[in-house]
Amino acid sequence: MRASSLAFRPVVEIDLDAAVKNYRFIAETAGAAETAAVVKCNAYGLGAAALGSALAGAGCRSFFVAYPDEGAALRPLLGDAEIYVFNGPDEGDIDVFVESQLIPVLNTHDQAALWARRGRGAAALHIDTGINRLGAPESELDAIAALKLDLRVVMSHLSCSSDPGDPENARQWARFSAAAGRFPEARTSLSASAGALLGPDYRFDMVRVGAAIYGVSPFDRPDARLAPVARLTAPVAQLRDVAAGEGVGYNHRAILTRPSRLATLFLGYGDGLHRAAFGRGQVFLGGALCPMIGRVSMDLIVIDVTDAGPVAIGDRAEIFGAKLPIEDAAATMGTLGYELLTSLGPRVARRYLRNGEDVTAPTKIDGAVL
Ligand SMILES: *Cc1c(COP(=O)(O)O)cnc(C)c1O
């Protein structure tokens, strides 16, 4: 890595060893159930190629994406691993499934009938047991069973598993157990990260885990069992001392109530930092939590470092990472760790770490090789 070329850009460091460690933790917890890795949405913004390869190297044999093109891009990297596509096929993309040996998750009778007509081979079936979002309603199951598809996995998705005490979990468990019993040849899968941690009853034959692998607790507060994977930092571009009574940023939505030392960071909503962080976001810099001050701009934010230790141009503020857990950072900004990761824009350089070493493949940004 040529450090100078990234010195004044936002960077997300991705610790591949930590992701593997989290995968192994879930796999051990899951016992006899298989742990599949969910790498949709570019592995929650962190890079499906790098994460997929690292997890395949750690023994993961089943992967889930949302769209077939995501699966096709991963196929050459994942050997003969199973790649499931949550959103299923449509007339226009069904050939991609066949060419890249992707396993569609069939969510409706229409998709199942399409796969019976035009598809080939293995499929999964998603039954909606109460989230009322995606998946075949129970009323379609007879017609789907009559198609006699090669169903490898029957799955459902919990709506309330981030709250382990919610009685809806047990209700969906019972509906899923009954519905899955109609497809005895298929393996069963009910849980994502939260369900995988709910207890043995929720694991069935396979858990589908995304967030926990990426170091984000599905229970929305830091969990010492999960290693932090992603660390977002942004450099200090400029420092200034400003008098009380001055305004900061667009529309002067912040007025200083005391003489303040302000630091401007190269990071803005154009990089995925939510503009809704206005008035409540924080970053870690100079040994202290520093409040964001004024509106988030496209490329910049201003933070108040008056109460922090010494801060210099080029120092990197942590937006989330080991110092500021992503669940806490997200809660402060009124969102979830999931969304902080998937919001990271293409301008944020991804740097991959293994054994603490930068193993990022060279990439080009604006013509410069980084
Ligand atoms: C995204 C998704 C998952 C993974 O959820 P996490 O909470 O990130 O583990 C599992 N199953 C389905 C159907 C999903 O859409």
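The values are calculated or read from the model by the stated rules, or taken from the named source; none is laboratory data. For clarity, every value in this text was computed on a predicted model and none was experimentally measured. Cβ coordinates were reconstructed from backbone atoms using ideal geometry, including for glycine residues, and neighbour counts include every protein chain displayed.
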| task | Quick one: ASN42 ticks every box in (1) under 27 Å from ILE144 (Cβ atoms); (2) of a type in the set (S, T, N, Q); (3) assigned to a helix (DSSP H, G or I) except a single one, so which number is it? | result | (1)
| query | Can you name the condition, by its number, that PHE63 falls short on among (1) touching a residue at least 40 places away in the same chain (Cβ under 8 Å); (2) under 15 Å from SER193 (Cα atoms); (3) not in a helix (DSSP H, G or I)? | reply | (1)
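Only helices (runs of 4 or more DSSP H) wholly contained in segment 123-230 count here; list those with 1 or more residues that are basic (Lys, Arg).
168-180
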| task | Working only within segment 279-296, note down all residues that are surrounded by fewer than 20 Cβ atoms within 10 Å (Cβ to Cβ) and within 24 Å of the chain's Cα centre (by Cα). | result | ARG280
| Of these, LEU262, LEU273, which one is over 31 Å from the mean Cα position of the chain (by Cα) and either modelled with pLDDT of 95 or more or among the hydroxyl-bearing types (Ser, Thr, Tyr) (or both)? | LEU262
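Among LEU197, LEU190, which is the only one that is within 26 Å of the chain's Cα centre (by Cα) and closer than 18 Å to ALA136 by Cβ?
On inspection, the qualifying residue turns out to be LEU190.
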| note | The number of residues in segment 34-48 that are polar (S, T, N, Q) and under 23 Å from PRO10 (Cβ atoms) is 1
| note | Counting only residues in segment 38-73 that are within 12 Å of the ligand (Cβ to nearest atom) and touching a Lys or Arg at 6+ places or on another chain (Cβ under 6 Å), the one farthest from VAL85 (Cα to Cα) is identified as VAL38
| query | Any idea which residue in segment 112-122 is nearest to the ligand (Cβ to nearest atom), counting only those that are in a helix (DSSP H, G or I) and of a type in the set (Gly, Ala, Ser)? | reply | ALA112
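Can you tell me how many residues within segment 65-115 are of a type in the set (Ser, Thr, Tyr) and over 19 Å from ASP150 (Cβ atoms)?
1
Please verify whether segment 200-207 includes one or more residues that are within 16 Å of the ligand (Cβ to nearest atom), surrounded by 13 or more Cβ atoms within 10 Å (Cβ to Cβ), β-branched (Val, Ile, Thr) and touching a residue at least 12 places away in the same chain (Cβ under 8 Å).
For segment 200-207, residues within 16 Å of the ligand (Cβ to nearest atom), surrounded by 13 or more Cβ atoms within 10 Å (Cβ to Cβ), β-branched (Val, Ile, Thr) and touching a residue at least 12 places away in the same chain (Cβ under 8 Å): present.
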| query | Are any residues in segment 68-100 buried (at least 16 other Cβ atoms within 10 Å of the Cβ) and part of a loop (DSSP other than H, G, I, E, B), and if so, which ones? | reply | LEU78, ALA81, PHE86, ASN87, GLY88, PRO89, ASP93, SER100
| Among (1) over 16 Å from PHE320 (Cα atoms); (2) basic (Lys, Arg); (3) within 16 Å of the ligand (Cβ to nearest atom), which single condition is ARG221 missing? | (1)
| field | Cross-chain or 6+ apart pairs with Cβ under 8 Å, segment 99-113 first and without any contact (Cβ under 8 Å) to a residue 24 or more places away in the chain and of a type in the set (A, V, I, L, M, F, W, C), then away from the ligand (no atom under 16 Å from the Cβ) and not in a loop (DSSP other than H, G, I, E, B) | value | none
